Amino acid sequence: MFNIGEYIVYGNRGVCEVTDVSKMSMSAMDKDKLYYTLVPIYAKGSKIYSPVDNTKVIIRPVITHDEAIELINNIPDIGYVEDVDEKKREMVYKDAIRTGKCEELIKVIKTLNKRREIRLAGGKKFTAVDERYFNSARDCLYGELAVALDIPVDDVEGYIAERIEK
């Protein structure tokens, strides 16, 4: 169970702060269950109410500072999403993002970066579906890394590039 004030990753919604753990008096909710009140830190003005025993959405702690550094150092060694046909590609991206695992997000980002380069070199545009999954994976990963490293989310990409260059 998470405590008030902790930062957690809530599925593909990204990093959220636990602002309350209590029973809910709302009509649509089980009055005997405990719920987290979660505030997404990068989606101002929204709240999520999730049962503490939720098994439908992956809820996990944000990675530590040391884990973030290790992850960034390992980015060059992390592979790509398995090559699949066009019909399965979207499902593979969706599943990778749904896990919320940083390494899976990196695989999606690296795969879509490579795919973008190939398409642009061939005179084609980057597809809207690819763009959507790229942005989703990047936002989830960078949001978590920003919290773990205690830096602004806008500085994460530069931080990663600088670290990998070393």
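Coordinate-derived values only; no laboratory data. No experiment lies behind these values; they were computed from the predicted model shown. Neighbour counts run over all protein chains shown; Cβ positions are idealised from the backbone, glycine included.
Cross-link pairs exceeding 32 Å between alpha carbons, from the set LYS44/LYS166; LYS47/LYS166; LYS56/LYS107: LYS44/LYS166; LYS47/LYS166. Rounded to the nearest 500, the 222 nm mean residue ellipticity of the chain from helices alone is -15000 deg cm²/dmol, with -39,500 (n - 2.57) taken per DSSP H run of at least 4 residues.
A simple spin-label model places pseudo-atoms 7 Å from Cα toward Cβ; at TYR42 and ASP66 they are separated by 2.6 nm.
The Cβ shell under 9 Å around THR37 holds other residues with a net charge of 0, Lys and Arg each +1, Asp and Glu each -1. A convex hull fitted around the alpha carbon atoms of region 48-94 yields 132 Å³ per residue. Measuring how big region 99-166 is from its alpha-carbon positions, Rg and Dmax come out at 13.1, 40 Å. If you take all other residues with their beta carbon under 12 Å from the beta carbon of GLU82, and give Lys and Arg +1 and Asp and Glu -1, the sum is -1. Each other residue within a Cβ distance under 11 Å of VAL57 adds +1 if Lys or Arg and -1 if Asp or Glu, for a net charge of +4.
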